[in-house]
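The next block holds one structure in the form of structure tokens; read it before the comments.
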Amino acid sequence: MPHPYRDLPDSAYWRRSVVGQGPVIDPLAGGFLMLGRDDKVATAGSCFAQNIARHLKKSGFNFLVTESAHPIIPAAAAERHGYGQYSARYGNIYTARQLLQLFDRAYGVFSPAEDMWIAPEGSRVVDPFRPTIEPDGFASEAELCAARAHHLARVREMFETLDIFVFTLGLTEGWESTVDGAVFPLCPGVSGGVFDAAAHAFHNFRVSEVIADLNAFIARLRGVNPGARIIFTVSPVPLAATMSGNHVLAATTYSKSVLRAAAQEVVETHDGTYYFPSYEMIMGAPAGARYFAEDMRNVTEEGVGHVMSVFLRHAAGIEADATPAMATQDPDATIAATKAWVEVMCDEAMLDAED
């Protein structure tokens, strides 16, 4: 008897598209964005997004950087100070609310009351909204304010000139000001500032809140750049620590489920928005944790290579080679390489730092 499942593509069936395929699965089906060599691609989001930026640059695409270091600064030093990790020097943006507030701060719509922290050693100052961007902090409030003004100008330039914006959703847990709702990338007191239970509140964002924030961001971005196309991804990196009261594994599942559900609803609502399944490629059952480093948290270069090979296949028609299987490499060399691969700055890891 005829029924709607008769003529679906193989990708719609678990037996045909998952069973026997091994970990290197391409789970992207349906239409996807087409990326041209001249398209200016900007990235932002959690620490996993830095890997996407790195591979776009390595593959010869037009990775948009509007906030660059001085030409005489060595590359290693520039990277240590947050240059080139993303399109502008905003550091990790873990939540949708942070992204929305970044836009509003850049355009002068929102000026948080708590706009400066004292560095841990007490002699320098820290920007609460990018607390690790200067490893040693700023020398003075005047220096911080000048750097922030320059930074936000470059953020406006990025939003107004990009063709494609890739945002990696990382977390639902965050800390916000009880005064004006400003959301910080790190809990105050971890990398500057002083935690005050009366001034700082834990917030675990719900699906409805993430959707509302992303909808508002899209409206604002399209207001200054009507042709902007947007790709949403969900970071596969688990939470380093949770304040939810749940086990960190359950808290991670909640967080990623919320972000995945929100991303799906948003891309089904707005034209010119797309979801890319990097989370599914790394976390899906077929991968069997193959793409995680020994800490079961950081994604190895093999995993990132697989994600980007699928991205380039669909977005640019390029059959890029994924990174060779880790199992074929010398164990000692593998350990050393993995440590190098996971050097990506991830502020959240500081929540479980050893004293």
Determine whether region 2-10 contains at least one residue that is within 27 Å of Gly305 (Cβ to Cβ) and surrounded by fewer than 22 Cβ atoms within 10 Å (Cβ to Cβ).
yes
Look at Ala149 and say whether it is at negative phi, assigned to a helix (DSSP H, G or I) and at pLDDT below 95.
no
Out of (1) in contact (Cβ under 8 Å) with a residue 60 or more places away in the chain; (2) assigned to a strand (DSSP E or B), what's the single condition that is false for Phe159?
(2)
Quick one: which of Glu268, Glu280 is in a helix (DSSP H, G or I), modelled with pLDDT of 90 or more and crowded, with 17+ Cβ neighbours inside 10 Å?
Glu280
So which of Arg313, Arg297, Arg260, Arg290 ends up being among the charged types (D, E, K, R), farther than 23 Å from Val19 by Cα and out of contact with any helix residue (DSSP H, G or I) (no Cβ under 7 Å at 6 or more places or on another chain)?
Arg297
So how many residues does region 224-234 have that are closer than 18 Å to Thr95 by Cβ and in a loop (DSSP other than H, G, I, E, B)?
0
Is it true that some residue in region 80-90 is of a type in the set (D, E, K, R) and under 14 Å from the mean Cα position of the chain (by Cα)?
yes
Answer yes if at least one residue in region 87-101 is farther than 30 Å from Val258 by Cβ, in contact (Cβ under 8 Å) with a residue 40 or more places away in the chain and among the β-branched types (Val, Ile, Thr), and no otherwise.
no
For Val24, all conditions in the list (1) part of a loop (DSSP other than H, G, I, E, B); (2) over 30 Å from Ala285 (Cβ atoms) hold save one; what is the number of the exception?
(2)
Of all residues in region 129-143, count the ones that are out of contact with any helix residue (DSSP H, G or I) (no Cβ under 8 Å at 6 or more places or on another chain) and surrounded by fewer than 21 Cβ atoms within 10 Å (Cβ to Cβ).
6
Any residue at all in region 235-252 that is assigned to a helix (DSSP H, G or I), under 17 Å from Ala96 (Cα atoms), modelled with pLDDT of 90 or more and not charged (D, E, K, R)?
yes
Being out of contact with any helix residue (DSSP H, G or I) (no Cβ under 7 Å at 6 or more places or on another chain), in contact (Cβ under 8 Å) with a residue 24 or more places away in the chain and over 26 Å from Phe292 (Cα atoms) is the filter here, so list the residues in region 42-86 that pass it.
Phe61, Asn62, His81
Considering only helices (runs of 4 or more DSSP H) fully contained in region 43-127, which possess at least 1 residues that are at pLDDT 85 or above and touching a Leu at 6+ places or on another chain (Cβ under 6 Å)?
96-106
Would you confirm whether any residue within region 68-79 is of a type in the set (S, T, N, Q) and either over 19 Å from the mean Cα position of the chain (by Cα) or farther than 25 Å from Phe311 by Cα (or both)?
yes
So which residues in region 182-223 are touching a residue at least 60 places away in the same chain (Cβ under 8 Å) and part of a loop (DSSP other than H, G, I, E, B), if there are any at all?
Ala182, Pro185, Leu186, Cys187, Pro188, Val190, Ser191, Gly192, Gly193, Val194, Ala199, Phe205
Given (1) under 29 Å from Val310 (Cα atoms); (2) surrounded by 20 or more Cβ atoms within 10 Å (Cβ to Cβ); (3) in contact with an Asp or Glu (Cβ under 9 Å, 6 or more places away or on another chain); (4) among the polar types (S, T, N, Q), index of the condition Thr168 fails
(3)
Of all residues in region 283-304, how many are within 28 Å of Ala228 (Cβ to Cβ) and in a helix (DSSP H, G or I)?
1
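The values are calculated or read from the model by the stated rules, or taken from the named source; none is laboratory data. Computed from a predicted structure; not experimentally measured. Note that we place each Cβ from the backbone using ideal geometry, even for glycine, and neighbour counts take in every protein chain shown.
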